[in-house]
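Inspection log for the structure reproduced underneath, given as structure tokens.
The values are calculated or read from the model by the stated rules, or taken from the named source; none is laboratory data. Being a predicted model, the structure only gives us computed values, none of them experimental. Reconstructed Cβ throughout: ideal geometry from the backbone, glycine too, with neighbour counts over all protein chains shown.
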Amino acid sequence: MLLHSKILGSSANEILILHGFLGSGDNWISIAKKLVENNYKVHLIDQRNHGRSFHSSEFNYELMREDLLQYINYHNIHQPIIMGHSMGGKTVMNFALKHPNRLSKLFVIDTSPRFYERHHDYILDALLRVDLKKINKRINVDLELSKTIKDVSLRNFLMKNLFWKEPNVLEFRFNLQSLHLNIDEIGKEITYSDQFKKPTFFFKGENSDYIKDVDYKSILNLFPNSKLISISNSGHWLHADNSEEFLNNFISIL
């Protein structure tokens with residue numbers, strides 16, 4: 001099945017953006033609009049079990065890597081720039097190592113090839129406790145989530161996935177059951193015998209610990225032509241926390 005996307009712009013210079021866990025391509029819409037102003041065509045791609053893309057009981061990076069290949073083939077995209085944030089970063093690293101001739105540059109946003117321990121359980125547990133058969137107001141969903149998730153910005157991020165399936169019936173766009181069952185896939189280490197030798201750029205949030213100094217060795221082992229860029233006054237969602245600095249750095253590299 002084909003991944004859903006929102007495509008902005010009409011330039012021959014194409015950028016593919018993959019979102020993070022429990023997100024969607026829409027999380028990057030403001031960044032995409034700025035890139036269109038700089039003469040780029042941007043594909044905001046929803047990964048499987050996220051956004052408006054198809055739901056599946058199967059969920060791992062090998063499958064998501066091949067989902068991306070199918071998307072590129074379907075749209076006849078030649079040598080795009082590919083960027084992924086967090087989970088999307090893991091997907092695009094896997095893609096670049098497996099299909100190095102299908103892209104020109106790689107951008108990985110606030111993640112690394114290393115293994116990450118599970119840390120989303122409390123979020124998934126909170127979401128699973130929301131009974132949308134009984135709740136038909138967005139404010140009540142937020143109230144239910146607030147019992148466990150105190151971070152308002154995180155709740156707002158999750159609430160963007162709510163939509164009206166039909167009048168008075170709310171539903172989450174992500175496939176919560178599949179993501180919950182396959183949660184161990186999210187943090188898996190990336191191991192390949194080959195390298196991706198084209199230009200690669202790792203962006204990290206200054207206040208985020210997703211990329212640590214010790215990670216750069218493993219990064220260079222797989223991506224020898226890589227550079228690490230830190231975005232000031234930002235955490236894991238650095239493109240939202242400091243969009244101006246993020247965009248200035250990103251566009252200067254393009």
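Counting only residues that are within 24 Å of Ala96 (Cα to Cα) and either surrounded by fewer than 19 Cβ atoms within 10 Å (Cβ to Cβ) or not assigned by TED's automatic domain parsing to the domain that holds Lys34 (or both), region 237-247 holds 1 of them. In summary, Ile29 fulfils each of the numbered conditions (1) surrounded by fewer than 22 Cβ atoms within 10 Å (Cβ to Cβ); (2) under 15 Å from the mean Cα position of the chain (by Cα); (3) in a loop (DSSP other than H, G, I, E, B) with the single exception of condition (3).
Taken together, the residues in region 225-254 that are in a loop (DSSP other than H, G, I, E, B) and farther than 21 Å from Phe95 by Cα amount to 7. Select from region 217-236 the residues that are farther than 19 Å from Glu117 by Cβ and either modelled with pLDDT under 95 or not assigned by TED's automatic domain parsing to the domain that holds Met93 (or both) and list them in ascending order. Hit for region 217-236 is Lys217, nothing else. Per the conditions (1) touching a Leu at 6+ places or on another chain (Cβ under 9 Å); (2) of a type in the set (A, V, I, L, M); (3) over 28 Å from Leu154 (Cα atoms), the sole criterion not satisfied by Leu2 is (1). Cβ-Cβ contacts under 8 Å between residues 6 or more apart (or on different chains), taken from a first residue in region 154-165 that is over 21 Å from Lys133 (Cβ atoms) to a second residue that is among the basic types (Lys, Arg) and in a strand (DSSP E or B), are absent.
Condition first: surrounded by fewer than 17 Cβ atoms within 10 Å (Cβ to Cβ) and touching a His at 6+ places or on another chain (Cβ under 8 Å). Now tell me which residues in region 161-182 satisfy that. Within region 161-182, just Ser178 meets the criteria. Within region 105-146, the residues that satisfy the criterion of being closer than 30 Å to Phe223 by Cα, surrounded by 14 or more Cβ atoms within 10 Å (Cβ to Cβ) and either at pLDDT below 95 or not charged (D, E, K, R) (or both) are Leu106, Phe107, Val108, Ile109, Thr111, Ser112, Pro113, Tyr116, His120.
Inclusion of Ala96 among residues that are buried (at least 19 other Cβ atoms within 10 Å of the Cβ) and not polar (S, T, N, Q) is warranted. In summary, Ser56 fulfils each of the numbered conditions (1) over 13 Å from the mean Cα position of the chain (by Cα); (2) assigned to a helix (DSSP H, G or I) with the single exception of condition (2). Within region 196-215, can one find any residue that is at pLDDT below 95, touching a Pro at 6+ places or on another chain (Cβ under 9 Å) and farther than 18 Å from His85 by Cβ? Scanning region 196-215 turns up no residue that is at pLDDT below 95, touching a Pro at 6+ places or on another chain (Cβ under 9 Å) and farther than 18 Å from His85 by Cβ. Here is the figure for region 194-212: residues that are under 17 Å from Leu222 (Cβ atoms) and more than 15 Å from the chain's Cα centre (by Cα) total 10.
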